[in-house]
Structure formats: structure tokens, C-alpha cells
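The values are calculated or read from the model by the stated rules, or taken from the named source; none is laboratory data. Since this is a predicted model, take the numbers as computed values, not measurements. So basically every Cβ, Gly included, is an ideal-geometry build from the backbone, and we count neighbours across all protein chains shown. With ligands, DNA and RNA removed, areas are computed over all heavy atoms of the protein, side chains included. Shrake-Rupley method; radii C 1.70, N 1.55, O 1.52, S 1.80 Å.
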There are 2 protein chains.
Amino acid sequence: MRIGGVFNIIGKLLILLSLFLLTPIPFSYYFADGMSHVFVLCSGLGALSGGIILAIFAPEADLGYRDGFAVVVLSWLGLAFLGALPYYFSGVDYSWVDCYFESMSGFTTTGSTIFTDIEALPESVLFWRAVTHWLGGMGIIVLSLAILPLLGVGGMQLFQAEMPGPTKDRLAPRIQDTARILWGVYLLFTLLEIFLLMLGGLDFYDATCHAFATLATGGFSPHNASAGHFQSAYVEYVILAFMFLAGINFSLHHRALWTGKIFTYWENEEFRLYLTLIGAATLIILGVNMFHHVFTDLFSGFRTSLFQVLTIITTTGFGTADFDQWPAVCKLLLVSLMFVGGCAGSTGGGIKVVRILLFFKYARLQLRNLIHPRAVGAIKMGGEKVPREVMISILGFFAIYIAVFFVAGIIVTMTGVDILTGTTSVIATLNNIGPGLHLVGPTQHFGHLPATAKVVLIFCMLAGRLELYTVAVLLTPDYWAMARKPVWRWELNRQRLERAEAKGEV
Amino acid sequence: MRIGGVFNIIGKLLILLSLFLLTPIPFSYYFADGMSHVFVLCSGLGALSGGIILAIFAPEADLGYRDGFAVVVLSWLGLAFLGALPYYFSGVDYSWVDCYFESMSGFTTTGSTIFTDIEALPESVLFWRAVTHWLGGMGIIVLSLAILPLLGVGGMQLFQAEMPGPTKDRLAPRIQDTARILWGVYLLFTLLEIFLLMLGGLDFYDATCHAFATLATGGFSPHNASAGHFQSAYVEYVILAFMFLAGINFSLHHRALWTGKIFTYWENEEFRLYLTLIGAATLIILGVNMFHHVFTDLFSGFRTSLFQVLTIITTTGFGTADFDQWPAVCKLLLVSLMFVGGCAGSTGGGIKVVRILLFFKYARLQLRNLIHPRAVGAIKMGGEKVPREVMISILGFFAIYIAVFFVAGIIVTMTGVDILTGTTSVIATLNNIGPGLHLVGPTQHFGHLPATAKVVLIFCMLAGRLELYTVAVLLTPDYWAMARKPVWRWELNRQRLERAEAKGEV
């Protein structure tokens, strides 16, 4: 593991983030919330710390795939650290753990919040929350579609062949090409949603905040009533449409837009299951709630059901209804969908539809083998045989998932949190959703949890977002045993100087 | 699938069960509860129905391993039917679904009850409940150690080589030999527990009922306060010791008793994890409850903690304390242990310790492979490499488990049951434990659940007890497509007559 090269990249990312820290300043002036100096300060601190890191660690060209684990985990940890500063300096009395929780919730596109009264916060700070989502979403796309497949983890290794960009190449150019193409789609959708929301009467600020939170499947809203604030069916439909899009594999979007063939979506087996799950869950929830007279109107009931199903399955976490008050079967269905999550290669979290699909294909194959033991079966997806390594990796994923869920649940409830709040808070953060049930339900927040529980949940957000393996690898001693001495910048400079002197150039 | 041969076996089992239906009669006379005629009637009905089945279906010698699935599932369904009759005729006003629930709960050694006031029931009926447990436990031992390995399912396929009895032989003699050896151990433990409980002051009736329920890891007690009724530390220690033994692989007991080497246990990796889990969970629960002043005395607190951990991990379900009132972390820990269950080849239910062990060994191997991709690793247990088929079968098991859990949970909550009661009632029945949390907690019962929920839970008990695969196979159309016309008894008789006539014997 090349520690120096890894830190060098993180230094660059910090400087990049410090530029984004300037974006809330126009809003600060517009709303006159007096926060502009805070963002200038934070941006300066970011640039400074990034600069110091770059001055210490020289870049190393030959980063291998193993270094990718450290780059990913440490950059998320570092950026969330810098991103937490505006909350800490915003003048509101929150602890550092709270601010870091909020920032990590933003960058991991989780959307769990510790703020009790969101609207009491300065507008520019709320805009910053949305920006962390949007950047997190960008990070996730490039992570899941360009980096993780190279590392051999994440559901997307299945689609290696389907991915845009050159395939056999060095790490950096490959990632850059893929990122450029997919970010194009991401940006296009974001602009389109901002435009459509403004058509619905939202101002630029509200439209941008919600578009950022939607496309990243984050769920931070600048309003206490979340997306329900606008009381507009049109706005809800726009948001739910883009949640639906954000939960789909972005390389699928790219291909569909590139070729102009809308049927590209339907040909994808993961997409079909995603659509089926959404349809079935919406109908059941609508039916049960109509039956129990929770909904009085079929049309608004349909909209509310579809919105909640999408907000949960895509792991966005916007609220338009307090589903904690719905009949138990609806709650259980929504909690089950929390585990499913979006498609692989989307900005959604959770286990991912493709893993669930393969898991059950495997079970079916097993049953068939019991009846016809000599028949050699294979699992196919989209007509292609799924390699054995992929199935092995999925089994391992479930094992780590269950282990993290269990350990986190035990620690959180050990801090005195009740069993339903404790387990659903772990589910909500590990799957990057946002709200859970009971004391962390859709109308509640995470602020009242003990600090220990928050630290555990921060870990869950990160582990869930980085597909578990990435974080788990970094926790093994084997990984750190491979660490190499960094290339110090001054050493590099000294070498250069010596070479120049040898050539007589100085 | 040889339908005729399968039914013939079930006919024989019904006749066997009708003999056991006579065992409560002495208790009925002793307690003068006026139930003896009911048991005579039920026994007669059992013998009659068994006789009719035997008169219709001739035996078929060449039953294959596929027929084993049908034998196992249909015999559990049929015996539970006959076993439900005494409840139905006991004069208490319970519906047929309730009686079948109670009977299935007995034969699957689950221990969930629908009776509100157990002590109001006739003593002989309560004795019958214990007998169903004991017979169910016998069935499970022969099922998990002799039949399922031949069918290629269940955790015990791992221990094929370690199993007593001749290995390469026809189905029937092999099963009979294995059964004889293991039932010897089972009977020995039962008699020993009865003796030790009577030493503690229990009468023969109480001692037998509790010994039957302990060894089968069932949990039916003839007292409302369950094992807590006797208020005796000695009795609790005896019961917890035998719960501990009942949760261990019976072929391990056999080898240890045969060779006299107590170290045989420790050499077994599954046993070591079983012991570790029990120790760790007991210490955490003791610590948390002492900290929160739920326990005031360290020694009685230790006993209560250990008892609850054992009653849950072995899936017995005896109560000495209402753990639903304990801090959330204790409840979550106990719910987690509910999934673990006993060792493979024990009478305990659940997922089984060995599956959990292999699952996490797999995850560890996966992480190691990510760091050293070229190193070829293998999963070992007890020094032996675990074959790939076993790992595949475990993955399939988890997939079916999750599917059953999800579908059952949705249906049960759909009947209007709250989310905690609904999910824990599925967990408690699918893992054959007995009590869940909230409205089905340790001091509660299942009687108040809607009939639909009860039917689903009956299915869960059966599916969980028969290691899921067995039941799942029977639900596939492929299986039934292979069914063959039965050999009718009258046809067989006619053929015999013709042969005899041809030989001139008649």
C-alpha cells in the first residue's frame, strides 16, 4: 500500500472541496444570513490542509488496485471532516460528533439528520447540506462504476463488459473517462430537475437543494416538512420521477441516452425486478391503507404510496407522510425495501437489487439440484452465465453485512436506545436511507441519540456506502502490513536538485 | 416419487403414534381428570386411519432419496393431525386451528402455545403435550443425523464421515441402525434428567414432562410459570444443564460416551463456538442487567442469565424470567441468538451454529482474497477442507430462510398484528423456539393471533424444523411431476393370488 500516493490524492480532493465550499456564499448574501465569512474560513482551512498534505506527500504514479481501498475510505473520512466545519462554525450549539454525523450523512447520501429544527438554520448552511449530497452522489457513481469493479467488489463487477470507456488501461485514465461520461448524465438530470421544479413554482434555492438531494438519493431538505412542504402534487411527481431515475444504473442511462433506445432499460433484468418491486409494494401499501381508511382519496393515496416506496427503495428518505403511523404490514414492507436499495451503479444505497436477484436465483438453482442432482445448472443473467467468483463475493457480502448489522445493533441498543429505534437506526444508516422507525421515524431526528450510538451510526453510513468490503478490508491487519514508506515531497525535491546539479543545470 | 410407498410408511407411523396415545391414560387415572376415554378414542382413531392407509397402499421396497422429502413432510403433517385430537376432544373450547397449532408446536419441538391458562387443562393432556415434544425430538435426531444427510441437505452433511452406523447400504437398515444408537443416548439423558429432577423434589409427572420438553428443546411446561414454577435453583441448574446437552450434536455425545473421552467435545469446532456464544452472551446480559439494577444478586442473576441464554440458543423456550422487560440490548442479543439455534444434529432448531460458523469463515476468506488475489484459499473445519457443495447449500439455505421470513412476516402483520409481535412470532416459530417478544413474549401466548396468522406460523414451525429445503422441495411442481402411480394393496393381493394359482397352491 502506497501511503504517500494515497494521501497525495486526498490532499487534491480537499483542495477541490474547498472550492465547492465557496458555492453557498451567493446564497448567504441573498438571504443575508451572515454566514459568508464562515464559508470563506472553511474554504481557506480546506485549501490550507490540502496544501500541507501535498507539500508533505509526493504523488506516486504506480498506484495499484489495493491502494484504491485506502483512497476511497480515507477520502470519504477526510472530506466529511472538512464538510462538517460549516455546521460547527454556524453559531448553533452542536457538538463535533453531531456535525460530523451530519456531514457524513451528507457525503454518504444517507440523509439522517441530527437537527431538530432545520428551518432555524441559515439558508447557506442548508444549501451546503445539499451540496454534500450532490458531491457524495458524484463520488458514488465513479466509485461504483469505475473504481469498485477494478477492486473486484460491488455489484457492478457483473457489468464489466457493459461499461463505457476503454477497458484495458491504467487506473487513472480509465476512471477519468468513465467519470466524465457518467457525470454528464448526472449533471443533465440535475439541471432538468431544477428546471422542472422551478416550473412548479419553487425558487432557484429550493429547486436546487431538492434536485441535489434527489439525484444523490440523499434526502436532506431545507424544510422541516421535507418534500411535503410544498403541498403540491406536481412537485411530488417531479421528485418521485427523479428518485426513480436516480435508483437506476447510470451506465444504463448512458447507453439509453446514447443510442436513443428506451427499450435498453427493459432488456436489463435488474431494472425489471426494480420496477416490479416498486409496483407490487405500491399496490399493497395503497390497498392496505385504503382498507384501513388511512387514505381517503385513491389518487392522492396512490401518489403518497408510490412516493414512500420510491423514497425508501432508492434510499433517498424524503418524507411526505409519516409512515410510522401506518398499519404494521406497510411498515414491515417498507423496512424490507430498506434492505433492497437501488440498482447497482445508481446513487442508491442498500444491498442492491442485483444482489437480491442473484441470491434468489441461487436458491432456485439449489432446489432444482436437489430434485435432479445430476443436472448441472448455471445461474444466468441477461443471457450470460454469472461467474462463480461473483456468487462467492455476494455470499461474502451478506456475511459481512449481517456481522456489521449485529454488532452495530448491539452497541446502539447498549447505549440505552429502545429495540425498534436502535435496529431501524442501524438499518437506516447502513443502507443510507435516512429515517428509521419510532424515535428516528420520518418526523423525528437522530439528535437525541447518545454520542456512542452516533459514532457507530457514522461508521454504518460509511461502511454501507462503500459496499462494506472496502471498509472491511481496511480493518484487517494484513492490509496495513503491506504499507510502504511514503515518498516525501522534500526527498523528491532533493533528488531532483541532485539530478539537476549532476547535469550542471544549477 | 413413489406415492404408495410413502403413504404406507405414514400409515405405519400413525399406528405407532396411536400406541403412544395410550401413555397419558395412567396419569388420567392418577389425577382422575376423566380424560382416559378421550385418549382411548384418539388411539382407536389413529389405529383405524393407519390401518385403512395400510389396506390401500402396499409397501414399496425401492424407495429412493427423493421419496424421503415426502415421507418427512407428510409424516410430520399427519402425526400432528392425529396428535391434535386430544386437545380438540379435551372439552375446552378451542378451534381446530388452535389445536393443530399446539400439536404442530409439540411435534416440531417449538413450544409456542395457544393456551391462556395451562394449569386449567387436564393433567393427562399436558402430559400428552410433553410426549409430542419427546417424540418430535426423536424424529429430529433421526431426521438430521440419518435422513437429511442422505438427501444432501441440512448442516449434518458435513459430518457424513463421522456418523455412526454402516455407511454404504440401503436406506432403511442404515437409518434404523443410526436411529437405534442415537435414541439410546437420547433415552439415557431423559432418564437421567427425570431422576435428577425427582431428587430435587419434583414428582414423577412434573419430572417426566420437563425432561421430555428439555431433551427435545421443546419448552412446553405443565405450569403457567414454566420452569420458574418450582422456585428452585437446583431444578433450574438441572434443566439448564440438560438444555445445554440437548443443544449439542448427538453423534458427538455418542462418540464421547462410547470412547469415554470427554475431550471429544472440545475437539469439535462447532461445539467450541456454541460454548463461546453461550459464555459471551451470558456475561453481557448479566453485566447489563446488574448495571441497570434489573438483577440485585450476582449469583441468581448469573443463573437467570445463563438459563435465558440457553433456553433461547437451544430454542427450548422455557421461561424463568420475563426478558421482555429487560434492557433493549439484552432483548436484541436474545433475538439474535434465536437465529443461531443449537448445533447441527442436536434437537435444537434455528439456523445452527455450524452454518453461522461457515458463513463467517467464508467472509474472512473473501477479505483475504481481496488483499491477496492470487492466493488460493480454502475453508477448513476440524482440519478438513469444506467441499464447495456444502458452501453452496448454505448460501441457498440463507436465501430460502430470508424469503420465508419475509413472506411470513408480511402475511402475519397483514392480519393486523403489530410489527414487533408479528416479526418475533415468525422468528420464534421458524427457529422452533416458542416465545417471542411483546404480545407473544415469555409471559404471553399465541392464542389471540388471527387464524390466518396461526396457519402461517404452523407452516413456519414445520419449515424451520425440517431445515427449509425439505418443505421447499415439496412446493416445487418439478417434484410432483415425478410422482408414480401407487401400488394398491388389492392389486398386490390379486397378483399374489394369481401366482399362487399358477403354482397350483390354491
Specify which of the listed residues (A:Leu257, A:Leu187) is at negative phi and at pLDDT 95 or above. A:Leu187
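Just need a number here: residues in the stretch B:296-325 that are open to solvent by 20 Å² or more (accessible area, probe 1.4 Å) and assigned to a helix (DSSP H, G or I).
Looking only at that region, the number is 9.
Pick from B:Leu77, B:Leu48: which is at pLDDT 95 or above and either in contact with a Leu (Cβ under 6 Å, 6 or more places away or on another chain) or within 18 Å of B:Val142 (Cα to Cα) (or both)? If you could, list the steps in order and put the result at the bottom.
Values: B:Leu48 fails: either in contact with a Leu (Cβ under 6 Å, 6 or more places away or on another chain) or within 18 Å of B:Val142 (Cα to Cα) (or both).
Residue meeting the stated conditions: B:Leu77.
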Kindly provide the set of residues from the stretch B:472-501 that are within 14 Å of another protein chain (Cβ to nearest Cβ) and not in a helix (DSSP H, G or I), ordered by number. B:Leu475, B:Thr476, B:Met482, B:Ala483
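Go over the candidates B:Ala403, B:Ala378 one by one and state the one that is open to solvent by 10 Å² or more (accessible area, probe 1.4 Å) and touching a strand residue (DSSP E or B) at 6+ places or on another chain (Cβ under 7 Å).
B:Ala378
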Among the residues that make up the stretch B:418-439, is at least one of them of a type outside the set (S, T, N, Q) and closer than 25 Å to A:Ala378 by Cα? no
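Conditions tested, residue by residue: (1) assigned to a helix (DSSP H, G or I); (2) under 20 Å from the mean Cα position of the chain (by Cα); (3) β-branched (Val, Ile, Thr).
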position	(1), (2), (3)
B:Tyr401	yes, yes, no
B:Ala428	yes, yes, no
B:Gly434	no, yes, no
B:Glu467	no, yes, no
B:Thr470	yes, yes, yes
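Is it the case that B:Leu257 is over 26 Å from B:Thr23 (Cα atoms), in contact (Cβ under 8 Å) with a residue 12 or more places away in the chain, under 22 Å from the mean Cα position of the chain (by Cα) and assigned to a helix (DSSP H, G or I)?
No.
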Apart from one, (1) of a type in the set (A, V, I, L, M, F, W, C); (2) within 7 Å of chain B (Cβ to nearest Cβ); (3) assigned to a loop (DSSP other than H, G, I, E, B) all hold for A:Phe406; the odd one out is (3)
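Only one residue in B:Leu370, B:Leu358, B:Leu337 is in contact with a strand residue (DSSP E or B) (Cβ under 8 Å, 6 or more places away or on another chain) and hydrophobic (A, V, I, L, M, F, W, C), so which one is that?
Only one candidate qualifies: B:Leu358.
So if I check each of A:Ile411, A:Ile458, which one is in a helix (DSSP H, G or I), in contact (Cβ under 8 Å) with a residue 24 or more places away in the chain, out of contact with any strand residue (DSSP E or B) (no Cβ under 6 Å at 6 or more places or on another chain) and at the interface with chain B (Cβ under 10 Å from one of its Cβ atoms)?
Numbers: A:Ile458 fails: at the interface with chain B (Cβ under 10 Å from one of its Cβ atoms).
It is A:Ile411.
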Checked B:Gly51, B:Gly64 against criteria (within 14 Å of another protein chain (Cβ to nearest Cβ), open to solvent by 10 Å² or more (accessible area, probe 1.4 Å) and of a type in the set (Gly, Ala, Ser)); the one match is B:Gly64
All but one of (1) in contact with a Gly (Cβ under 6 Å, 6 or more places away or on another chain); (2) at pLDDT below 95 hold for A:Thr470, so report the exception by its number. (1)
Under the condition of being within 10 Å of another protein chain (Cβ to nearest Cβ), closer than 23 Å to B:His438 by Cα and touching a residue at least 60 places away in the same chain (Cβ under 8 Å), which residue from the stretch B:326-361 is least open to solvent (accessible area, probe 1.4 Å)? B:Val335
Within the stretch A:381-400, which residues are open to solvent by less than 30 Å² (accessible area, probe 1.4 Å) and more than 22 Å from B:Leu357 (Cα to Cα)? A:Met381, A:Val386
Within the stretch B:432-448, restricting to residues that are surrounded by 24 or more Cβ atoms within 10 Å (Cβ to Cβ) and of a type in the set (A, V, I, L, M), the one that is nearest to the other protein chains (Cβ to nearest Cβ) is B:Val440
(1) in contact (Cβ under 8 Å) with a residue 12 or more places away in the chain; (2) closer than 29 Å to A:Val309 by Cα all hold for A:Arg489 apart from (2)
A careful count of residues in the stretch B:143-184 that are open to solvent by 20 Å² or more (accessible area, probe 1.4 Å) and at pLDDT 80 or above gives 4
Does A:Ile394 meet the test of being out of contact with any strand residue (DSSP E or B) (no Cβ under 8 Å at 6 or more places or on another chain), more than 12 Å from chain B (Cβ to nearest Cβ) and part of a helix (DSSP H, G or I)? no
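Going by the structure shown, is B:Pro373 within 11 Å of another protein chain (Cβ to nearest Cβ) and open to solvent by 30 Å² or more (accessible area, probe 1.4 Å)?
The answer is yes for B:Pro373.
Here are some residues: A:Gly464, A:Gly422. Which one is more than 27 Å from B:Asp324 (Cα to Cα) and either open to solvent by less than 20 Å² (accessible area, probe 1.4 Å) or at pLDDT 90 or above (or both)?
None of the others qualify; the one that does is A:Gly464.
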Scanning the stretch B:1-33 residue by residue, those farther than 25 Å from B:Ser124 by Cα, assigned to a helix (DSSP H, G or I) and either open to solvent by 20 Å² or more (accessible area, probe 1.4 Å) or β-branched (Val, Ile, Thr) (or both) turn out to be B:Ile3, B:Val6, B:Phe7, B:Ile9, B:Ile10
Taking A:Gly416 as the residue in question, decide whether it is outside any helix (DSSP H, G or I), modelled with pLDDT under 85 and not acidic (Asp, Glu). no
Examine the stretch A:198-208 for a residue that is touching a Gly at 6+ places or on another chain (Cβ under 6 Å), modelled with pLDDT under 95 and at positive phi, and state whether such a residue exists. no
Checking the structure you have, find out if any residue of the stretch B:81-94 is among the small types (Gly, Ala, Ser), open to solvent by less than 60 Å² (accessible area, probe 1.4 Å) and under 30 Å from A:His372 (Cα atoms). no
Mind telling me which of the residues A:Phe406, A:Phe397 ends up being at pLDDT 90 or above and under 22 Å from B:Leu367 (Cα atoms)? A:Phe406
